[in-house]
1. Could you pull out the residue among Val281, Val233, Val211 that is outside the structural domain of Leu103 (by TED's automatic domain parsing), at pLDDT 95 or above and crowded, with 17+ Cβ neighbours inside 10 Å?
2. Report the residue count in region 27-59 for those that are more than 13 Å from the ligand (Cβ to nearest atom) and closer than 22 Å to Asp327 by Cβ.
3. Here are some residues: Arg53, Arg39, Arg23. Which one is assigned to a helix (DSSP H, G or I) and in contact (Cβ under 8 Å) with a residue 12 or more places away in the chain?
4. For region 101-116, state whether one or more residues are within 13 Å of the ligand (Cβ to nearest atom), more than 16 Å from the chain's Cα centre (by Cα), surrounded by 21 or more Cβ atoms within 10 Å (Cβ to Cβ) and over 26 Å from Ala308 (Cβ atoms).
5. I need the helices (runs of 4 or more DSSP H) fully contained in region 116-189, keeping only those with at least 2 residues that are in contact (Cβ under 8 Å) with a residue 60 or more places away in the chain and of a type outside the set (A, V, I, L, M).
6. Going through region 60-76 one residue at a time, which ones are assigned to a loop (DSSP other than H, G, I, E, B) and either among the β-branched types (Val, Ile, Thr) or away from the ligand (no atom under 13 Å from the Cβ) (or both)?
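The values are calculated or read from the model by the stated rules, or taken from the named source; none is laboratory data. Keep in mind it's a predicted model, so treat the numbers as computed, not measured. Virtual Cβ from ideal backbone geometry, glycine too; neighbours counted across all protein chains shown.
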Amino acid sequence: MTTHPIVIVGAGLAGLRTAEELRRAGYDGPLVLLGDESRLPYDRPPLSKQFVRGQIDDTTLRPAEFFAEKAIELRLGVRASGVDTVARRLLLSDGSALDYDQLIIATGLRPKRIPGLPEASGIHVLRSHDDAAALRADLSTARRALVVGAGFIGCELAASFRAQDVEVVLVEPQPTPLAASLGEQVGALVGRMHREEGVDLRCGVGLDSLVAEAGAVTGARLSDGAVVQADLVVIGVGSAPVTDWLAESGIPLADRREGGGVLADASGRTSIENVWALGDVAAWRHPSGRHRRVEHWTNAGEQAQLLAAALLGAESPAPGVPYVWSDQYNVKIQVLGAPGGADEIRIIEDDGRKFLAHYLTGGVLTAVVGAGMVGKVMKMRAELAANAVSV
Ligand SMILES: Cc1cc2nc3c(=O)[nH]c(=O)nc-3n(C[C@H](O)[C@H](O)[C@H](O)COP(=O)(O)OP(=O)(O)OC[C@H]3O[C@@H](n4cnc5c(N)ncnc54)[C@H](O)[C@@H]3O)c2cc1C
C-alpha cells in the first residue's frame, strides 16, 4: 500500500516551519512542501527594512541542502489550484494532481489593491521578494515618495525611504498611524516620530487618484483635494488571505468582512477531515470563541509547533504570549500581548521619542507596547502570560 504524503501548500515561513516541526517531532513519512514562488523559502520582515535599503540581498531561510537532508520534497513554481477533500487530491496549476494523506494550508496573504489606478511604472505593493526587488530598483532613482497607508509596512517603508534621503508623504485615513493595531494614543506617538524624521504625515486623508505621464507615475490627488508630486508610490492598505483556490473545496472560510481566512480550531484543524491551516491565511479559534487571523512572524512559528503536535498526536506546547516587532528609524517598536480590545491605555514613559505603554482590560494588564524599550517590554512577558485573558 502506498502512503500518501503530508502536503503543505505555501512555502513561506509558516509552511517551512511546519515541515521542520513535523520532522523534529518524529514524523518520518513522505512530506511535500509546495510553493508557487520559484525561490527557496525566504524571510519577509527584512524586505521593508534592510533589503529595500540595499543593506542585504538575500533573505533565504534555509539552503537547498537542508530540504534534502530532512527529506522534505520541495516543489517550487507550482500553484495549488483546487482541492478535492473527498478523494484527498490536490489539483495543481500544471494540470497534474497530488494525493495527500494530510493537507496543510499555509498560503499567506496578497496585498489589497486600489481599483482604478493607472497602469504606470513607479507604483508598488510589497509582499514578495519580487515586489521588494522592483521597489528597491525604483527607490534608487526616486526623489519623492507617496506611501498610502500608515500600517506597519507603510511606516517601515517611510522610514526606509527617509534613510535614503527620499522625501516622503505618508497618508492615512485613520487619525494616526497604526491606529487599528495600537490605538490612537500610541499611534500619535509613532506619528510624532515620523514627523520628526521629516515625513510629511497626513492623517484623516486617503488617496483619490494617481497621475501618470508617459507611462510613469508623477503624483496623486488626495481625498482632501491636495495634490502631491511623487515619482514613487507604494500602496500599503492591507492584505487579504489567499483562499480563492479553495472556493469550490467546501473548506469553511471566514467571512471576508471579518478578515476572511481558513477557519480552524486552536491547533489548526479545520472541520474537514485531514485538512489543516496556519499562518497569515488561517483564522484560528481564540479562547474567546472568536476566530482571528494573526499576520505576524512569531505567530507562524508558534502555530507550526502547535499544529505539528496536534497532527502527530503529541503533547502540545503551551501557547506563547503574542509578539510583534517593527523597526522604524533607529527604534524597535515591540508589541507583547494582545492590545486589541483594551479599554484603557496608560503611557508609562515618554521621553519625546522612546515610549512605553500599558494596555489594560478590566484593570488587568493584557499588552505592553514599547518603542526603544526592549528590556522593559520583554520583562513583562511572565506577567502577561499569567494574565492571559479571553479578549
Ligand atoms: C514586507 C513585510 C515585512 C514584515 N515585517 C514584519 C515584522 O517586522 N514583524 C512581524 O512580526 N511580521 C512581519 N511581517 C509579517 C510576516 O512576514 C508574516 O507574518 C509571515 O511571512 C507569514 O508567513 P506565512 O507563511 O503565513 O505567509 P507567507 O510568508 O505569505 O507565505 C505564503 C506562501 O504561499 C504561497 N502561495 C500562495 N498561494 C499559493 C498556492 N495556491 N499554491 C502554492 N503556493 C501558494 C505564497 O506565494 C507564499 O510564498 C512582514 C511581512 C511583510 C510582507
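1. The match here is Val233.
2. Final tally of qualifying residues: 5.
3. Answer to the selection: Arg23.
4. The answer is no; no qualifying residue exists.
5. Because the criterion is at least 2 residues that are in contact (Cβ under 8 Å) with a residue 60 or more places away in the chain and of a type outside the set (A, V, I, L, M), the helices (runs of 4 or more DSSP H) in region 116-189 that meet it are 129-139, 152-163.
6. Across region 60-76, the qualifying residues are Arg62, Pro63, Lys70, Ala71, Ile72.
Yes or no, residue by residue, for (1) out of contact with any Ser or Thr (no Cβ under 9 Å at 6 or more places or on another chain); (2) modelled with pLDDT of 95 or more; (3) more than 12 Å from the ligand (Cβ to nearest atom):
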| residue | (1), (2), (3) |
| --- | --- |
| His291 | yes, no, yes |
| Val294 | yes, no, no |
| Asn299 | yes, yes, no |
| Gln305 | no, yes, yes |
| Ala318 | yes, no, yes |
| Val331 | yes, yes, yes |
| Val335 | no, yes, no |
| Arg346 | yes, yes, yes |
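The rows are residues; the columns are (1) assigned by TED's automatic domain parsing to the domain that holds Gly187; (2) of a type outside the set (A, V, I, L, M); (3) over 30 Å from Glu197 (Cα atoms).
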site: Pro317; (1), (2), (3): no, yes, yes
site: Gly320; (1), (2), (3): no, yes, yes
site: Trp325; (1), (2), (3): no, yes, no
site: Val335; (1), (2), (3): no, no, no
site: Ala338; (1), (2), (3): no, no, no
site: Met373; (1), (2), (3): no, no, no
